[in-house]
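K.L.:
Structure provided below as structure tokens; questions to follow.
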Amino acid sequence: MALNHTSKLFALFILAVFVLVPDVAFAAADAAKEAGEALVGAPKPTRADYPMIGGLNARTLAWGFAQMHLFLAAFVLAVPMFSIVMEYIGHLTKDERYDSMAHEFMKITMSAYSLTALFGGTLALTLFLFYPHLMGYLMKVFRGQFLIYALLFLLESVTLYIYYYSWNALRYGNRKWFHMSIGLVLNTVGLSLMFIANAWATFMMSPSGVDPATGAVIGTVWEATRNPLWNPVNLHRFIANIAYGGAIVGGYAAYMFLAEKRAEVKAHYDWMGYTSNFIAIAGFLPLPFAGYWLMAEIYAYSQQMGITAMGGILAWLFIIQAVLIGTIMLAANYYLWCGLMRTDRGAQYAKYVKYIAVVIVGGFLVWVTPHSLILTTDEIRLLGGTHHKFLGPLGIMPAKNTAVNLMLVFTFLSLQMFYRSSRVPTVSWAKAGNMVIIALYIIGCTNIVFAGLYGYITPTVYKVGASVPQVVSTLSIIVFSVIIDIFMLRGAKSEKVHWGRMSERSQYALFVLPVAFTWLMGLMGYIRSSLRTHWHVYTVMKDQSPDAYIPTIGQAGNTITVITLSFMAIMVFVFWLSRLGSTSQVKPS
Amino acid sequence: MTFARVMIFSLFTLLAFTGFANLVPQVQGDPPVEEKIDVGSIDMAGMVLLGEKLFSGKGTCTLCHNDMGRAPDLLGIDLAKEFPERIADKSYEGIAKGKTGPKAIEEYIMESLVDPSKYVVPGYGKKGSNDKISPMPKADTAPIELSKVEMNAVTAFLQDKAGISPTVPLPSADEAPKATGNDEDEENEPATTGVAAITKYGCATCHDLEGSEADIGPKLNGLAKRMTDAKILEAIVKPNVVIAKGFEADMMPDDFGEQMRFSELNLIVEYLKKLPE
Ligand code: HEM
């Protein structure tokens, strides 16, 4: 039995290695292609070349299927990532609860997996039907990579099933390590899948490996893959997916908590909700920084594209983004504050909540207050066409940077407070340690505020520079407090956490998270696609379809809402399915 | 019951986001519309006007060239002073080097369009390039893709702004832009006669034209005596710059400039000039 597993693992490992060296696979495809073919440019379809099928709106269909596929895929990719971490924690701490929870997470994922494939297939079909020229061109650029994607998908299915179904068979001792290795392969395959799909999406924004004048394919697949925006999007999506997965599982836990009557089950789901919220926040904290990096790379690739993003039509989108992110932060914090009820020492921290709330709400207000130069409809129209005046570097002024950083710091403080409320340090230097942490917060926040003020008085071009010390301060506070806490709380006296001692209202915060996250993700997808303006592949292949325009924010918002609703309906179905699997009818007597 | 409560709550959250998205200004981003230029009939005033249109439209110049500091605010700064100073700058090595006069300005502008990195205005270079590389995309390649005639028009517009009479050549027949794949809709066929253009844009609903006897707008007879071609053009495209005596601003629609073809605008001006006194 063990041998059987070992050999399977070995085979999977070999495949994973093959996948991880994309050049090997691509080079093979390239070699076949090399045989001196004349350079042909990107296709130039005319409006009449876009198939019209039964009056269907091609873009809305593709948009819907792509977004559904992305939602599901993000969830399906993210859960195994934190499952394996949790499995590892369970193994280290010998606390079975972690293991069972990771298993339960996976159970939900399994029912979502086939739906992911279904939507992926439908998306591919839609794209090939309605955009044959574009897809033909992308096939030419990426050649064998589509096959690799398909192969990886197969591999993902196999590993996912093995990982889930072998859970109980490989639960303890050395077998656990086998199991975690399978999980590792699963995650490697999953990430590779996402990176490949990202290559296509980012190639359309910042094409490389093709002749800039004609679009003729002159480079290797690897060159097209490694386009300027590939890695920034890889990182941003990787982190966002984790936060997203956490938020969704949190919604599930909250629902189970509300629906349950039995105290011990309630306690379990309360703990699951807390852990999911923790994952969501942990994924969330670095996101703005990854977002900034992405935006900075967009500017570096094309200032025109960068300004298109932060100016005119899309500028307002970033205000909406701010509102959503603010909502997410408030909800996550509110949940943490309610959590202080769970310990008897919590009350001692509760008195600080109002100050944190002031900072978070204040920061939120600063962030959503439109920069004085935000445009009215008329002003935008006046500037004409697709492009508009823009709102200063990165559209987010020093005041906003300051607000965001302070909000992040204080969200982390909420998290730290709850963590502390159940642990009493016993080390002799506890007092000194606490003083250091407090000093860290004070110095860090002062630094953030002063860097913000400095940003105000320096000329435009240097404003972006002012945000670096702010980010460094934020990260330092987080990293150093974690390190100090680790040492200080060694052998700490733990207080009892009364899991389940949570108000009903607090659970609703856990529903705000997935709803806001899902909608936000849809919104960002709209921004990403809109940046290409009237191009399928920016600067290389024009979009001549009737839908080559950027829809208004309202239209986009309505579409995203409909998609989000469909996704919610599907998730309800998925959760119901996973419950169904574990209910059995009582045998009639 | 719990299920219903949770769903209603989630729906409410979702509706709040949707509502907010519908409250902010709503603007659709249309792809640039190809200007069909009537080679042969367009004059310099038409070129300047076309240039102005391209500057904020297809050329996307206003995206960067505005008062936000990313690029020289070409509409705000004193071009008559700035352009000669750039050419006289020690580090300028372009084709207009050592020259003065309107033609030199034309060459400088044209060079800025097709080879922006030839001379980078100090302080505006790409980050880390020490003002050696311009962040401005070449105007004649993707994504902007202005034709030669269009670049001439933009140059004419900027020369005009700098207070010089444009020196660019008027387009000749063989420079007519090639028809692109993006064919216009049927109903947007350009009008081919003055009367057709007047009818298409409904001028007669306000002005007494073709016997409509409308009196919302002033009588347009005898315009040629009162106004130059350029002024007539302006009165149509930017009606609120000069208001006819006895009438109020904001009465005449100010978006004809966006809707009309140049050929149509020319036809209308010709038509108006020929009206009996
Ligand atoms: C404030 C700085 C940020 C900027 C400039 C930014 C920018 C972007 C852009 C341009 C995209 C489209 C790329 C893509 O489709 O992957 C994107 C995607 C996304 N962003 Fe951000 N972002 C920022 C912060 C955040 C934050 C704080 C969150 C978390 C709440 C977030 C969540 C997302 C999500 C969920 C996606 C979709 C990822 C996916 O498609 O898998 N972003 N972001």
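K.L.:
How much length is gained if the chain between A:N231 and A:S582 is pulled fully straight, taking 0.36 nm per residue apart and subtracting their Cα-Cα distance, in nm to one decimal?
P.N.:
Here the segment from A:N231 to A:S582 would lengthen by 122.3 nm.
K.L.:
Once a ≥ b ≥ c are taken as the square roots of the eigenvalues of the Cα gyration tensor of the range B:44-187, is the result rounded (a/c under 1.5), prolate (a/b larger than b/c) or oblate (a/b not larger than b/c)?
P.N.:
Prolate, since a/c reaches 1.5 and a/b exceeds b/c.
K.L.:
Kindly flag which residue pairs out of A:K266/A:K496; B:K118/B:K148; B:K103/B:K126 have an alpha-carbon separation exceeding 24 Å in this structure.
P.N.:
B:K103/B:K126
K.L.:
Turning to a different aspect of this structure: Please arrange B:F83, B:F3 by accessible surface area, largest first, computed with a 1.4 Å probe and ligands excluded.
P.N.:
Ranked list, largest accessible area first: B:F3, B:F83.
K.L.:
Here's another thing I want to ask about it. Let me have the 222 nm mean residue ellipticity of the protein assembly as shown computed from DSSP H runs of 4+ only, each contributing -39500 (n - 2.57), with the sum over all residues rounded to the nearest 500.
P.N.:
On the way: 32 runs with 552 residues, N = 866.
After summing the helix terms and dividing by the residues of the protein assembly as shown, the value is -21500 deg cm²/dmol.
K.L.:
Given a Förster radius of 22 Å and the C-beta distance between B:A142 and A:L125 as r, what FRET efficiency does 1/(1 + (r/R0)^6) yield to the nearest 0.05? Write out the running numbers ahead of the final one.
P.N.:
Details: r = 30 Å, r/R0 = 1.37.
Step by step, r from the Cβ atoms, then E = 0.15.
K.L.:
Could you do me a favour and compute the accessible area per residue for the protein assembly as shown, 1.4 Å probe, result in Å²?
P.N.:
Ligands and nucleic acids excluded, the result is 45 Å² per residue.
K.L.:
Non-local amide H neighbours of A:M541 (under 5 Å, H modeled in plane, Pro and chain starts lacking H): which ones?
P.N.:
A:H536
K.L.:
Here is a further query. Relative to the present Cα-Cα distance, how much length would full extension add between B:S212 and B:K245 at 0.36 nm per residue of separation? Please report the intermediate quantities before stating the final value.
P.N.:
Details: separation 33, 0.36 × 33 = 11.88 nm, distance 2.11 nm.
Stretched out fully, the B:S212 to B:K245 stretch lengthens by 9.8 nm.
K.L.:
Show which lysines lie in cross-link reach of B:K274 when reach means a straight Cα distance below 27 angstrom and same-chain residues fewer than eight apart are skipped.
P.N.:
Once the sequence-local lysines are set aside, what remains near B:K274 is B:K36, B:K53, B:K200, B:K219, B:K225, B:K231, B:K238, B:K245.
K.L.:
Right, another one. For A:K44, go through the lysines and keep the ones whose alpha-carbon is under 19 Å away, minus same-chain ones fewer than eight residues off.
P.N.:
Straight-distance partners of A:K44: A:K140, A:K542, B:K178.
K.L.:
Now, a different point. Using 0.36 nm per residue, how much length does the chain from A:M435 to A:V265 gain when fully extended, once their Cα-Cα distance is taken away?
P.N.:
This chain segment gains 57.3 nm when fully extended.
K.L.:
What does the average come to when, for each residue of peptide A:545-553, you count the partner chain Cβ atoms lying within 10 Å of its Cβ?
P.N.:
Mean inter-chain Cβ contacts per residue within 10 Å come to 4.
K.L.:
Summarise the partner chain shielding of B:46-58 as one whole number: the mean count of Cβ atoms from other chains within 10 Å of each residue's Cβ.
P.N.:
Other-chain Cβ atoms within 10 Å of each residue's Cβ, averaged: 2.
K.L.:
Calculate what fraction, in whole %, of the accessible area of chain B sits on carbon and sulfur atoms when a 1.4 Å probe is rolled over the protein chains.
P.N.:
For chain B, the apolar C and S fraction of the accessible surface comes to 57 percent.
K.L.:
Under a plain spin-label model, where a point goes 7 Å from the Cα along Cα-to-Cβ, how far apart in nm are A:S589 and A:D211?
P.N.:
With each label placed 7 Å out from Cα toward Cβ, I get 8.4 nm.
K.L.:
Estimate the FRET efficiency between A:V358 and A:E504 by the formula 1/(1 + (r/R0)^6), using the beta-carbon distance for r and 30 Å for R0, to the nearest 0.05.
P.N.:
0.70
K.L.:
Leaving out ligands, DNA and RNA, calculate the buried accessible area for the pair A and B with a 1.4 Å probe, summed over both sides, in Å² to the nearest 100. Kindly include the intermediate steps, with their values, before the conclusion.
P.N.:
Numbers: alone 26600 and 17090 Å², together 38720 Å².
Counting protein atoms only, the buried area is about 5000 Å².
K.L.:
Here is a further query. Distance in nm between label sites at A:D95 and A:V449, each 7 Å beyond Cα in the beta-carbon direction?
P.N.:
3.7 nm
K.L.:
Give me a single rounded figure for A:568-574: the average over its residues of other chain Cβ atoms within 10 Å of their Cβ. Mind dumping the intermediate values first?
P.N.:
On the way: counts 4, 1, 0, 0, 3, 0, 0.
For this peptide, the per-residue mean of nearby foreign Cβ atoms is 1.
K.L.:
If you don't mind, there's one more thing I want to ask. First measure r as the distance between the Cβ atoms of B:S117 and A:E223, then evaluate 1/(1 + (r/R0)^6) with R0 = 22 Å and state the FRET efficiency to the nearest 0.05.
P.N.:
Values: r = 24 Å, r/R0 = 1.09.
Step by step, r from the Cβ atoms, then E = 0.35.
K.L.:
While we're here: More than 38 angstrom separation, counting every C-alpha pair in the protein assembly as shown; what % is that?
P.N.:
Details: 192911 of 374545 pairs.
Roughly 52 percent, once rounded to a whole number.
The values are calculated or read from the model by the stated rules, or taken from the named source; none is laboratory data. All of these numbers come straight from a predicted model, not from anything done at the bench. Using ideal geometry, Cβ is built from the backbone for each residue, glycine included, and neighbour counts are taken over all protein chains shown. Just so you know, the surface numbers come from the protein's heavy atoms only, side chains and all, with ligands and any DNA or RNA stripped out. Shrake-Rupley method; radii C 1.70, N 1.55, O 1.52, S 1.80 Å.
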